[in-house]
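Asker: Below is a structure I'd like to ask you about.
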Amino acid sequence: MTHVLNRRTFLKQGSAGALGLWAAPGLLRKAPPSDRLRVAHIGLNGMGLNHLNWFAKLPEVEIVALCDLDSNHLAKAQQTLQTLQPDSRAQGYADFRHILDRKDVDAITCATPDHWHAQVAILAFQAGKDVYGEKPLSFNVREGQQMLKAQQRYGRIFQLGTQIHATDNYHRVVEIIRSGAIGKVHTVRLWKTGFPPVLGPANYQTPPDSLNWDMWLGPAPYSPYTPERCHVSYRYFLDYSGGVFQDFWSHIADIVWWAIEPKGLKTVSARGEQPEGIGDAPKWIDIDYEFDDLKLYWTSTPPRVPGAEKRHIGAYFEGDKGTLICDYNSREITINGITTNDLSEVPISLKRSPGHQQNFVDAVKSRTEPESGLAYARRMTLPMHLGLIAYRLGRKLEWNDRREKFRHDAEANALLSREPRRGWDLT
Ligand SMILES: NC(=O)c1ccc[n+]([C@@H]2O[C@H](COP(=O)([O-])OP(=O)(O)OC[C@H]3O[C@@H](n4cnc5c(N)ncnc54)[C@H](O)[C@@H]3O)[C@@H](O)[C@H]2O)c1
């Protein structure tokens, strides 16, 4: 017997409950259309096309709408969807607010540039949609606070798009660190190598007809159009993002917050260099963070520790009994001078992920916290913003962790938020 439940009940109970746990995997894969989660994708270039490809493969998902304010990108995404799902009747939109007006959209994904993340998510929460939103969580600290408040107020599910969180390697690193095998961790070193591309001088021009440049800027300060400020390379401008550092922080800091959740941040100081050309996010940046009982360092070159040089991104945990170095896919543990990839005595204690996007779908249906939920993502992302503020001001900053304010520093506190451009505070 197959129980056919209405959509609301299904979303409350989750698919396993609805179909019965005895249902064969084949049956689960062929969920009837009414059991589907109806998803819309917003922002459809680099990462957004990944969202489209990933969610299109999930049997319980129906893609019902696509949105991009560049009509060329929207058209390309529509073609991609036609290839993946020739029967798709998903509608295309230039303005995401029309998607939020639709009652037949359950969840959205957001892969716009960083300066749009918070408003898209907050408006989606207000409209009763759940959100799979790209990293970094928000453009600044204040936006992260507003997102959390709105999520709690409207009772929505949010997953941060840190897909590496779902890997077996990250789960295993967390198990090993939490087991105490390397002792109490007192120092962590994070790094990401690589410089931004050299952008050259500004090339101001009329925006292409395909692009709504005013909306692309949205809450960010006005600038005349120059291609470097827009698609892909926007990430090298502090008006929209924070360079290589901000691009990669969430992926590698994630393993630190998951494994040991640093607490009681006290000070932040940073050094770096301006890039050549019109970008202004740092070409490289090194940051020192002091927590209650932990020192955390970010560098743009590998630290001088065994195993770092061969990794372009990584985390190195120093405990009082040993060390662990890892990147997205590999790890090495060194205890008493012996290096190994695993410790058989550490039991498997964490449930493995069904995949980051499937985990989101499961969380939406069961109304439970996904693996990279908003409250967690906010705690993990906050020091990233503070590091960039310390770089911009060029001095050591003292942080009041409880109040989420810098101590006695109005200039630094002013950089925790930004007034949206006139007419572009949509929340
Ligand atoms: N999780 C990851 O591994 C990963 C990898 C790359 C990028 N990202 C994140 O994804 C986001 C997008 O990065 P990208 O490299 O794809 O950028 P991109 O510039 O290539 O694409 C962004 C797209 O969003 C569209 N857009 C901008 N504002 C919009 C709005 N208000 N409404 C609708 N569409 C809008 C643009 O027209 C463009 O097509 C960034 O936040 C980035 O940090 C995550």
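The values are calculated or read from the model by the stated rules, or taken from the named source; none is laboratory data. Since the structure is predicted, the reported quantities are computational estimates derived from the model, not experimental observations. Please note: Cβ atoms are built from the backbone with ideal geometry, for glycine as well, and neighbour counts cover all protein chains shown. Quick note on the areas: whole protein, heavy atoms, side chains included, nothing else; ligands and nucleic acids left out. Shrake-Rupley method; radii C 1.70, N 1.55, O 1.52, S 1.80 Å.
Asker: Starting at the first residue of the stretch 75-81, write each ³J(HN,Hα) from the Karplus equation 6.51 cos²θ - 1.76 cosθ + 1.60 with θ = phi - 60°, in whole Hz, x for Gly and Pro.
Answerer: The phi angles translate into 4, 5, 5, 4, 5, 4, 5 Hz.
Asker: Need the C-alpha centroid separation for the stretch 286-360 versus the stretch 136-203, integer Å.
Answerer: For the stretch 286-360 versus the stretch 136-203, the Cα centre distance is 14 Å.
Asker: Counting each pair of different Cα atoms once, what's the Kirkwood radius of the chain in Å, rounded to one decimal?
Answerer: This gives a value of 22.8 Å.
Asker: Still on this structure, please answer the following. Once phi is turned into ³J(HN,Hα) by the Karplus curve 6.51 cos²θ - 1.76 cosθ + 1.60 with θ = phi - 60°, what whole-Hz value does each residue of the stretch 222-233 show in order, with x for glycine and proline?
Answerer: Values, residue by residue: 5, 9, x, 6, 9, x, 4, 6, 9, 3, 6, 7 Hz.
Asker: Now a separate question. Helix-derived [θ] at 222 nm for the chain: sum -39500 (n - 2.57) over DSSP H runs of at least 4, divide by residue count, nearest 500?
Answerer: -9500 deg cm²/dmol
Asker: How do Ser210, Ser138 stack up against each other in accessible area, from largest to smallest, with a 1.4 angstrom probe?
Answerer: Largest accessible area first, the list is Ser210, Ser138.
Asker: Give a residue-ordered list of calculated ³J(HN,Hα) values for the stretch 106-115 (Karplus: 6.51 cos²θ - 1.76 cosθ + 1.60, θ = phi - 60°; whole Hz; x for Gly, Pro).
Answerer: Going residue by residue, I get 8, 8, 10, 10, 10, 10, 7, x, 4, 6 Hz, with x marking Gly and Pro.
Asker: Please give the length that would be gained between Ser330 and Arg379 if that part of the chain were fully extended, namely 0.36 nm times their separation in residues minus their C-alpha to C-alpha distance (nm, one decimal).
Answerer: Answer, rounded to one decimal: 15.1 nm.
Asker: Mind jotting down the three principal axis lengths of the stretch 54-101 based on Cα atoms? Whole angstrom, largest first.
Answerer: Principal extents (largest minus smallest coordinate, Cα): 27, 23, 17 Å.
Asker: Enumerate the amide H contacts of Gln91 below 5 Å, restricted to partners 5 or more residues apart or on another chain; note that Pro and chain-start residues carry no placed amide H.
Answerer: Here the answer is Ala65, Leu66, since their amide H atoms fall under 5 Å of that of Gln91.
Asker: Next question, about the same structure. If amide hydrogens are placed 1.01 Å from N in the peptide plane, which non-local residues have theirs closer than 5 Å to the one on Trp284?
Answerer: Placed amide hydrogens put Glu273 under 5 Å from Trp284.
Asker: Ranked from highest to lowest mean number of other Cβ atoms within 10 Å per residue, what is the order of the peptides 232-245, 407-420, 52-65?
Answerer: Highest to lowest by the protection proxy: 232-245, 52-65, 407-420.
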